[in-house]
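Undergrad: Structure incoming, see below.
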Amino acid sequence: MKKAFWFITGIAAGLVAAKQLQENPKTKAIVDDVMVRVRELGDVVAEGFREREAELAADKKSAAKPAAKPAAKATGTSTTPNA
């Protein structure tokens, strides 16, 4: 019963919003402005994601290359101070 109530409430809210957009040009201008800003935000987020993905890919490639110095041999003694 709750689901039906919220479904009908959502439809009613959508109809009211659509009517406001048709009758009030200021509302349409506000909605258009908000949509432009949302698209810009999406573009900035996508660009940042691509940059970070490229950074991680570069780090992964550099980590995959063998180290220039050979690894130290294990001597049986610990190098940690509390071990």
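The numbers here are math on the coordinates, done by the rules we state, and not lab data. Everything numeric here is computed off the predicted structure, so don't read it as measured data. Counting neighbours? That spans all protein chains shown, and the Cβs are built from the backbone with ideal geometry, glycine included.
Undergrad: With a Förster radius of 30 Å, plug the Cβ-Cβ distance of Asp43 and Lys3 into 1/(1 + (r/R0)^6) and report the FRET value to the nearest 0.05. Mind dumping the intermediate values first?
TA: On the way: r = 36 Å, r/R0 = 1.20.
Given R0 = 30 Å and the Cβ-Cβ separation, E is 0.25.
Undergrad: Arrange the following residues from fewest to most other Cβ atoms within 10 Å of their Cβ: Thr27, Thr9.
TA: Fewest-to-most Cβ neighbours within 10 Å comes out as Thr9, Thr27.
Undergrad: Where the convex hull is taken over the Cα atoms of the stretch 1-64, what is its projected area averaged over directions, in nm²? Spell out each step's value before the answer.
TA: Numbers: hull surface 30.2 nm².
Projected area, direction-averaged: 7.5 nm².
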